[in-house]
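What follows is a short report on a single structure.
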Amino acid sequence: MQRIAILYDASQAVLSTFELDEVLQRILFIARDYFHLQNVAILLLDETSQHLCVRSQIGWDEGRDQIRVPLGSGITGTAAKQKGLLYCRDVSKDVRYMCSAKTTRSELAIPLMVRDEVVGVLDCQSENLNHFDQETIDLLTLFSTQASMALQNARLYQLERRRAQQLEVINAIARQTTAVLDLKELLLKVCSLIQQTFQVSHVSVLLREEDDLVLRAHHGSLTPRILEGGRVPANTGLWGQALAAGKTVIEDDVHSVPEYVGFYAETGSRMCIPLVSFGQTLGALVLDNAESQAFRAGDVQSLESVADICATAIQNAHYVERVRQLAYIDGLTGIFNRRFFELRISEEIERSRRFDSGMAVIMLDIDHFKRLNDEFGHLLGDEVLRQVSSIFNQQLRKIDIVCRYGGEEFAILLPQTNLEHSMSVAEKLRRLVETWQFPGVPRPVTISAGAATYPEHGATRDELVKAADAGLYAAKQAGRNRVFLAPVAGKSSAATS
């Protein structure tokens, strides 16, 4: 009765806290002190790998607490698989014994059970042969039942607390993402918040562009193998499976997948979640961990909620970006307007200065456009403006910028361009327009152009535009349908045609 009273007090002490590590320590101390054990440990079951892992121990030899015991192996693994206690009176005569302390002579393994499911094993070891009598075994079995309840309560408490923390973070992410309308800033913030909150090694956002996915943002501790802006086919890799199935896909060990496509050198496991907003698949949220089997099933739902929030925020940012772009688009011709020209010319000058490269500004004007409007009407005049804009767009590089500067005047920015190339481009556009058959216009339409380059003609926006305008004015004065290079200080302008 005295020992039962002690056991009761010990059980109450175990059940008095919900902190998992504190519960485990109390179980071990009580088992050691009340049952006079030299070595005692608690091994918890990893449901994914079906291995017993040492979570807490007293008296084991250094380094032995890192072992992982498969179900059915060793005395503890066998007890867990059989769901019944296993007593070895002399470990030297049992081939299943796995040494954890050189002084051990006898071992008792008692499964920790919750609703007929094994959650772990209480492993008791003694320096004495046949140390455990039946009374001690019965008391330890009863104690293990109380310990199992305390362990499960602590795990449930920890799980609920983790979920509460995740809900707080989900709300925080929702608040922050709705406040950010710039897409690049939004994606970086999303990656950073998810990586910190869910303790994954690396977070990436891939957005769909035609048949590819583009790495638009990433954050974490792994070594990248692909640069931001890199493209991968949308139908390959784990993200291809996630997009095709429309649901989250997890690969616990990426090294076992022959067709694995890696972004980061150290990745051991990966989760891909489709980014879907209002039925439209925008891309994928990719989470990489350095360890294999690192993702918890309980985190999937929270991460999917975060992905839904992110998808909506990305869609909103896309809408804002489109509205912003419309503010820079000329309504008649569909090319950029003067507002966009003023924004980009300063950026291109700064980029040329930073990388010590040239750039050019070409100002172009449709010759006698007012006369064309008077003769053939404004509708036909508008069509001429649209077709001239189309010619410019089709003949220039993707990095070149064509803008309607005002009325019948156009401005073109040519990054990474020298004097000779700028004149060549302007002359090619002049010839194309001159030979173009404009429907409804019985005579040729021509243009005049002036070109200026950085740094030869100026180092600021005003200097370059003024120089290109001077070249355009000289072309008109010389009879139109010509291209003139802007005059450099002390020199006269020169025409190419």
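The values are calculated or read from the model by the stated rules, or taken from the named source; none is laboratory data. Bear in mind the structure is a predicted one, so any value in this text is a computation, not a measurement. Neighbour counts run over all protein chains shown; Cβ positions are idealised from the backbone, glycine included. Heads up: the accessible areas ignore ligands, DNA and RNA and are worked out on the full protein's heavy atoms, side chains in. Shrake-Rupley method; radii C 1.70, N 1.55, O 1.52, S 1.80 Å.
Observations on the structure shown:
- The length gained on full extension between Gln293 and Cys53, counted as 0.36 nm times the residue separation minus their Cα-Cα distance, comes to 85.0 nm.
- Each Cα pair under 8 Å and six or more residues apart adds its sequence gap; the mean of these over the residue count of the chain is a relative contact order of 8 percent.
- Taking 25 Å as the limit for the C-alpha separation, the pairs Lys370/Lys476; Lys370/Lys398; Lys83/Lys247; Lys398/Lys428 exceed it in the case of Lys370/Lys398; Lys83/Lys247.
- Share of carbon and sulfur in the accessible heavy-atom surface of the chain [1.4 Å probe, %]: 50 percent
- Projected label points at Glu420 and Leu380, each 7 Å from Cα along the beta carbon direction, are separated by 4.2 nanometres.
- The long axis of helix 20-35 is offset from the longest Cα principal axis of the chain by roughly 20 degrees.
- Unit Cα scatterers, Debye sum, the range 330-381: log10 I(q)/I(0) for q = 0.20, 0.28 Å⁻¹: -0.84, -1.08
- Using a simple spin-label model with pseudo-atoms 7 Å out from Cα toward Cβ, Thr281 and Thr236 lie 1.7 nm apart.
- Between helix 461-477 and the chain: long-axis angle, C-alpha atoms, 0 to 90°, nearest 10: 30 degrees
- For the chain, the longest principal axis of the C-alpha atoms and the axis of helix 378-395 are separated by about 60°.
- Rounded accessible area per residue of the range 299-392, 1.4 Å, Å²: 49 Å²
- FRET efficiency, 1/(1 + (r/R0)^6) with R0 41 Å, evaluated for Glu304 and His36 via beta carbons: 0.20
- The fraction of Cα-Cα pairs per 10 angstrom bin, counted from 0 for the range 219-353, comes to 11, 30, 27, 18, 13, 2 percent, rounded to whole percents.
- In the calculated pair-distance distribution of the chain, the portion above 37 angstrom amounts to 56 percent of the Cα-Cα pairs.
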